[in-house]
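What follows draws every value from the coordinates through simple rules; no lab data is involved. Everything quoted here is computed from the prediction, not taken from an experiment. Neighbour counts are summed over all protein chains in view; Cβ atoms, including those assigned to glycine, are modelled from backbone coordinates with ideal geometry.
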């Protein structure tokens, strides 16, 4: 199961993910991310992965795509930090925001 919460501020559009980013819920996440991209209005897209407990191959691909598009990620745990570091190694530095 995956829960996606949306937090909007003047400067950020944040997607907070909780649970498992695996098939079939990756499709729901991609739809939420696409909707966020359409509604940024100059704000930064932030993906909060602190409360993910599992990330499948499809989920990793979705996160990689958002990282390449410049989304910022929030994380706290060892698991999510490791996954994001692995993804960051595949994204050329000029493509990354920050």
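When you go through 36, 71 one by one, which is the residue that is buried (at least 19 other Cβ atoms within 10 Å of the Cβ) and within 10 Å of the chain's Cα centre (by Cα)? Quick ask: steps written out before the conclusion?
Values: 36 fails: within 10 Å of the chain's Cα centre (by Cα).
Going through 36, 71 in turn, the sole match is 71.
Only residues that are part of a loop (DSSP other than H, G, I, E, B), out of contact with any strand residue (DSSP E or B) (no Cβ under 6 Å at 6 or more places or on another chain) and closer than 18 Å to residue 2 by Cα: list them for the stretch 33-90, please. If you could, list the steps in order and put the result at the bottom.
Step one: filter the stretch 33-90 for residues part of a loop (DSSP other than H, G, I, E, B), giving 39-43, 56, 69-71, 75-77.
Cutting the leftovers down to out of contact with any strand residue (DSSP E or B) (no Cβ under 6 Å at 6 or more places or on another chain) gives us 39, 41-42, 56, 69-70, 77.
Within the stretch 33-90, 56, 77 meet the criteria.
For residue 16, state whether it is surrounded by 15 or more Cβ atoms within 10 Å (Cβ to Cβ) and touching a helix residue (DSSP H, G or I) at 6+ places or on another chain (Cβ under 7 Å).
Values: surrounded by 15 or more Cβ atoms within 10 Å (Cβ to Cβ): yes; touching a helix residue (DSSP H, G or I) at 6+ places or on another chain (Cβ under 7 Å): no.
Criteria not met by residue 16.
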